[in-house]
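For reference, the structure is listed below as structure tokens.
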Amino acid sequence: MRLALAVVSLLVMIGSGVVVYDQFHSRWEDNQRAYFHQALEQAKTPAERASLEGRQPKIEQTIVTAFGETRIDRCQSCHIAVDDPRLTSAKQPLKTHPYSAAMGDVFRNGRWERRHKFSDFGCTLCHDGQGRGLDAADAHGEDPFWPSPMIGYTIQDRWSKETAGHLRGADFIQAKCVQCHADKDFAGTPLVKRGRELFFKTGCFGCHRIEGLSSGTIGPDLTEVGNERKLDYLWGHIVDPRAYTATSVMPQFKLSDDDKKALVIFLKSRRGASMSESSVDQFRMQTSTTNPVPESVAVVAAAITKASTPAARGEQLIQGYACLSCHKVADHDGGISPDLSYEGIIRDQPWLIDHFNNPRSRVPDSNMPAFGLPESDFADMAAYLMTRTAPPPAMTPAETFKTLCARCHGEKGDGKGINAIYIDPAPRDLTKAEFMTTKPETRFLTSIDQGVPGTSMPPWDKVLTDEQIKGVFDYISKNIVREPQKQLKPRKVPEQNPVPMSAESAQRGQAIFTQRCIGCHGRKADGRGPNSLDISPRPRNLRNSAFIHNTPDRRLTESILYGVEGTAMPSWMDYGLTQSDVGDIVNYIRSLNTTGK
Amino acid sequence: MSDEVNSKWKNVMNFPTNVVKSIFRNPLPSSDRGRAATSFTNFFLHIQPVRVSRQALRPTYTMGLGLISFFLFVILTVTGVLLMFYYVPSTTQAYGRMLDLRSSVAFGVILRNMHRWAAHAMVATVFLHMCRVFFTGSYKPPREFNWLIGVALFLLTLLSSFTGYLLPWDQLAFWAITVGTSIAGYAPLVGKELKFILLGDATVGQEALLRFYVLHVVVLPLVLTLFVAVHFWRIRKDGGLAKPEEAEGVPVLAAAGAAVEQPSRRFSIQGLVRGPFVKIGNLEEDTVFSWPNLLIAELFVLLLTIAGVMIVSFLFNAPLEQPVNVMHPPNPAKAPWYFLGLQEQVSYSAFWGGIGIPGIELLLLVLLPYFDRGKEGVGSWFARQRILANSLFLVFVIANVILIVIGTFFRGANWQFVSPF
């Protein structure tokens, strides 16, 4: 017993000793002593020497109150020589902070005077990091959860190796200069300027809002993204938008590393209000009713040459607005969005103008933003697209499929073409025999011929002849589906909805819908129920008016009563729904889609 | 005159001795009477009985769990008060204060670590203590009421730990409390109101932080202290720790290492202590003096607890995640580990998992000593006569442990089952 007592007493004593030693043995004191020693060696006058000899290590701190929240920077407890010109060639942490005429430092009377004095600005205002930390790892922000590690210097443990390699360097500090030097043409921040141009040039502004710059609503608001995200997230998300958010519809743009870096620096500089804005400026910006004209309009307008015809100007605009960083025209291919090479014979001018003004008026789940460009530009771009009337040269069905269909449906026809993930509803998986062999041939031929309204499937009737269309369909049946058409038992489905449309019927339909359907189709019937993400093909968005209007009662009723083979839609007849129940549901669905008939 | 001077001089000479004597009324005891008097006249020692049964001293009988829980509470109080000097219950300042503690306050890291790990440990030891009391049948009459106090103490411990969880105001805290209070929101009738009263708002925010802070540093510790006092007092009044009905001449002395002196003169304890509940007089043969036997054991447990908490705190840092971001919940958002069993149950059914089953379990715990009153098997681990009760309780414990393990290690994004290996 007494031995045990002695052992634990010893443990407590050793523990206390270790804790106390750990607390009071500080690296910064060693650093300061090393500094005193080095400075003493270089001291020339006795006065210098005397001042150094009397010094004892102490915590050096700057309290910065002039810029936003009060900052307490103790960085100089280790980096004690930042303002001592004698140690320009010393090793970190005892090195003099470089003097730079570009940053406004002045060489006067044989010595440098700083423009940004540490006593006014501290360190973390520019460098980020954790000013209060007295331990290198703390202070530099290496802790994986520290929100602002030293910019361009500290790589946190959780950052991926390949990303981290791009995130070092003094350039990244430009993102911080912008906090005060908010002028977009400020000479000291060329990369922010370049990133800002890219933000407009590559079309980012179409989806993302940045207060005072853009008003996109498809993607997240980036006004304060610099506060919310660290460099690795910004870089990683541009490189692969789906690495962090599996359901992101953001295109994976093809950018050079330099462009990515400029964009990351620009985004990192977005921190809401800059130090140079007053709250009144802010308020004016927020309440301003005029939509800020995207800078891209100005940038592009300055870049394009005088063109003779609207179509020629439209061609330049399509280049200038970087439409082809997503779309394809002839040989230029962004690899993200539909091929516009035959747009002149697929669409007409009103369709194009409508679609430019609001893509979702034609394809309700389109991820193309409404860019809000000037109407004259839209008109010219439409005029150019209307000149793309040359049909493709005669090809074999296999070639036709590869050229026209594979972009969305995939070379193997599995619905996984290069732009399939950006298209909603997703392209049909043509390899799914269960689906393909149970629908009448005419339905497929119509879909190819007339397109599917409300989706990205365009009408091919003017591009391809009827024989070509038949040829492509036969090619699909033979080489992709590879199963013969099935003869289904005759089904009892009314041509017209037997239940007349009425508010009561729609209400009954809604009740059944809420009970049976919302798990997949969602409470709003928009196809985004809780199970929708696990289902392929995704449940139909029943608020897609263009699609619903074009779908006859017969098909809606049949799909509900008998289910849809090859999809997750079950046969609701087996679960006890009667024809009149289904009639009510159809009426409910129709009642959701009253516009755009 | 000289006599007076003499006596004054004597006073001066004897000053140190007198001071010591005024504080320590008894010399270090060398006789049984002295040992009894020491225990009896000292404020801190009088909480303990003068004599203590050998059974109660056996480390394998109690494992010191109740005492460890108490000492952890003491550690928590001391470190907690020190932390209060640095903490500000404000959503704008709290997280910054955490960073201060970690990087610039002297002993900040170790203080915070000790407070955090001791809190987790206390939840565990209090629960284990409850298990010990059950498996040894120590809740039976006349100790029913103390069992109730114990259940209340367990709940208070959980609540204290839970309210403290929010204070760092990091992502871990915010979402754990969001999940935890949502579970409270599932209670029938009063759920919504309870949640609102707890949070002072519809969501976790400044009001919630302030409420949790006041609960954590004032209300709960005070109530807890009161209950601990009653708990200890009842132990004495119920005749010390539970022991088998008839003393079985167990060879416990060697194990406990108790010092046994042959009494030089027999005297009755009743001569010193009166009261209706004191039962020690009859069992003198099986008891030893608290001084030094019990005191050394307690000192050992105290030092062991301090050493354990200190070593763990030196080796492992208390977690601190990003500052609160209400727009980006972690996936999955998990409650503190001791509530993960609940959260796991909630993932099957919000009402039954969060309120129904825990409510029934709690009710059973409360009613238990009033319905299981037989005297068989009291005072020994897993007594054969109590096989049914012990098995049922074991199932309850294992089920909860399994649920907590599943919730902690086997649940990933969207509460999907994942393998940690």
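The values are calculated or read from the model by the stated rules, or taken from the named source; none is laboratory data. No experiment lies behind these values; they were computed from the predicted model shown. All Cβ positions, glycine included, derive from the backbone under ideal geometry; neighbour counts span all protein chains shown.
Just checking: which of the helices (runs of 4 or more DSSP H) contained wholly in the range A:212-268 hold 2 or more residues that are surrounded by 17 or more Cβ atoms within 10 Å (Cβ to Cβ) and free of Cβ contacts under 8 Å to residues at least 40 places away in the same chain? Full working, then the answer.
Values: elements: A:225-228, A:231-239, A:257-268.
Here the list reads A:231-239.
Of the residues B:Ala333, B:Ala389, only one is under 22 Å from B:Val126 (Cα atoms) and either assigned to a loop (DSSP other than H, G, I, E, B) or more than 14 Å from chain A (Cβ to nearest Cβ) (or both); which?
From the options B:Ala333, B:Ala389, the qualifying one is B:Ala389.
Okay, residues lined up against (1) of a type outside the set (S, T, N, Q); (2) part of a helix (DSSP H, G or I); (3) under 35 Å from the mean Cα position of the chain (by Cα):
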position	(1), (2), (3)
A:Phe473	yes, yes, no
A:Ser477	no, yes, no
A:Gln487	no, no, no
A:Arg491	yes, no, no
A:Pro494	yes, no, no
A:Arg508	yes, yes, no
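Would you confirm, using the coordinates I've provided, whether A:Arg523 is surrounded by 19 or more Cβ atoms within 10 Å (Cβ to Cβ) and basic (Lys, Arg)?
no
Considering only the range B:200-212, I want to know if a residue exists there that is among the polar types (S, T, N, Q), loosely packed, with under 14 Cβ neighbours inside 10 Å, at pLDDT below 85 and in a loop (DSSP other than H, G, I, E, B).
No, the range B:200-212 contains no residue that is among the polar types (S, T, N, Q), loosely packed, with under 14 Cβ neighbours inside 10 Å, at pLDDT below 85 and in a loop (DSSP other than H, G, I, E, B).
Take B:Phe339 and decide whether it is touching a Leu at 6+ places or on another chain (Cβ under 9 Å), modelled with pLDDT of 90 or more, among the aromatic types (Phe, Trp, Tyr) and in a helix (DSSP H, G or I).
When the stated conditions are applied, B:Phe339 does not pass them.
Yes/no per residue for (1) within 14 Å of chain A (Cβ to nearest Cβ); (2) of a type in the set (Val, Ile, Thr):
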residue: B:Thr92; (1), (2): yes, yes
residue: B:Asp100; (1), (2): yes, no
residue: B:Arg112; (1), (2): yes, no
residue: B:Gly137; (1), (2): no, no
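Residues that are free of Cβ contacts under 8 Å to residues at least 24 places away in the same chain and under 23 Å from the mean Cα position of the chain (by Cα): list the helices (runs of 4 or more DSSP H) wholly contained in the range A:120-174 that include at least 2 such residues.
A:161-164
Considering only residues that are surrounded by fewer than 18 Cβ atoms within 10 Å (Cβ to Cβ) and within 32 Å of the chain's Cα centre (by Cα), which ones fall in the range A:547-572?
A:Ala568
Which of the residues spanning the range A:458-489 are free of Cβ contacts under 8 Å to residues at least 40 places away in the same chain and closer than 26 Å to A:Asp339 by Cα?
Residues satisfying the conditions are A:Asp461, A:Thr465, A:Asp466, A:Glu467, A:Ile469, A:Lys470, A:Phe473, A:Lys478.
Every residue, every condition in (1) modelled with pLDDT of 50 or more; (2) of a type outside the set (Asp, Glu); (3) surrounded by fewer than 17 Cβ atoms within 10 Å (Cβ to Cβ); (4) in contact with a helix residue (DSSP H, G or I) (Cβ under 8 Å, 6 or more places away or on another chain), yes or no:
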{"position": "B:Glu193", "(1), (2), (3), (4)": "yes, no, yes, no"}
{"position": "B:Leu226", "(1), (2), (3), (4)": "yes, yes, yes, no"}
{"position": "B:Arg234", "(1), (2), (3), (4)": "yes, yes, no, yes"}
{"position": "B:Gly240", "(1), (2), (3), (4)": "yes, yes, no, yes"}
{"position": "B:Val260", "(1), (2), (3), (4)": "yes, yes, yes, yes"}
{"position": "B:Arg274", "(1), (2), (3), (4)": "no, yes, yes, no"}
{"position": "B:Phe277", "(1), (2), (3), (4)": "no, yes, yes, yes"}
{"position": "B:Gly281", "(1), (2), (3), (4)": "no, yes, yes, yes"}
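Would you pick out the residues in the range A:15-48 that are within 9 Å of chain B (Cβ to nearest Cβ) and among the β-branched types (Val, Ile, Thr)?
A:Val18, A:Val19, A:Val20
Given A:Thr96, A:Thr70, which one is within 14 Å of chain B (Cβ to nearest Cβ), among the polar types (S, T, N, Q) and within 29 Å of A:Thr189 (Cβ to Cβ)? Steps first, answer last, please.
Numbers: A:Thr96 fails: within 14 Å of chain B (Cβ to nearest Cβ).
Result: A:Thr70 is the single residue among A:Thr96, A:Thr70 that is within 14 Å of chain B (Cβ to nearest Cβ), among the polar types (S, T, N, Q) and within 29 Å of A:Thr189 (Cβ to Cβ).
Which pairs do you get when a residue that is more than 7 Å from every other protein chain (Cβ to nearest Cβ), found in the range B:312-325, comes within reach of a residue that is of a type in the set (Ser, Thr, Tyr), reach meaning Cβ atoms under 8 angstrom, with the pair 6+ apart or on two chains?
The qualifying pairs are B:Val324/B:Thr91; B:Val324/B:Tyr95.
Of the residues A:Thr62, A:Thr70, which single one is within 38 Å of the chain's Cα centre (by Cα) and closer than 30 Å to A:Ser279 by Cβ?
Values: A:Thr62 fails: within 38 Å of the chain's Cα centre (by Cα).
The unique qualifying residue is A:Thr70.
Would you mind telling me which numbered condition in (1) modelled with pLDDT of 90 or more; (2) out of contact with any helix residue (DSSP H, G or I) (no Cβ under 6 Å at 6 or more places or on another chain); (3) assigned by TED's automatic domain parsing to the domain that holds A:Gln252 A:His127 fails?
Condition not satisfied by A:His127: (3).
For the list (1) surrounded by fewer than 17 Cβ atoms within 10 Å (Cβ to Cβ); (2) in a loop (DSSP other than H, G, I, E, B); (3) in contact (Cβ under 8 Å) with a residue 12 or more places away in the chain, I need the number of the one condition that B:Leu189 fails.
Tallying (1) surrounded by fewer than 17 Cβ atoms within 10 Å (Cβ to Cβ); (2) in a loop (DSSP other than H, G, I, E, B); (3) in contact (Cβ under 8 Å) with a residue 12 or more places away in the chain, B:Leu189 fails exactly one: (3).
List pairs: first in the range B:3-26 and closer than 22 Å to B:Phe44 by Cβ, second not in a helix (DSSP H, G or I), Cβ under 9 Å, 6+ apart or cross-chain?
B:Lys21/B:Pro27; B:Phe24/B:Asn42; B:Arg25/B:Asn42; B:Asn26/B:Asn42
If you go through the range A:394-427, how many residues are in a loop (DSSP other than H, G, I, E, B) and of a type in the set (A, V, I, L, M, F, W, C)?
Summing the residues that are in a loop (DSSP other than H, G, I, E, B) and of a type in the set (A, V, I, L, M, F, W, C) in the range A:394-427 gives 5.
Is there a residue being loosely packed, with under 15 Cβ neighbours inside 10 Å and within 30 Å of A:Asn587 (Cβ to Cβ) anywhere in the range A:406-415?
Residues of the range A:406-415 that are loosely packed, with under 15 Cβ neighbours inside 10 Å, as a first pass: A:411-412.
If we keep only those that are within 30 Å of A:Asn587 (Cβ to Cβ) too, we end up with none.
Checked against the condition, which is being loosely packed, with under 15 Cβ neighbours inside 10 Å and within 30 Å of A:Asn587 (Cβ to Cβ), the range A:406-415 yields no hits at all.
State yes or no: is A:Gln56 modelled with pLDDT of 85 or more, part of a loop (DSSP other than H, G, I, E, B), surrounded by fewer than 19 Cβ atoms within 10 Å (Cβ to Cβ) and away from every other protein chain (no Cβ under 14 Å)?
For A:Gln56, the condition - modelled with pLDDT of 85 or more, part of a loop (DSSP other than H, G, I, E, B), surrounded by fewer than 19 Cβ atoms within 10 Å (Cβ to Cβ) and away from every other protein chain (no Cβ under 14 Å) - is met.
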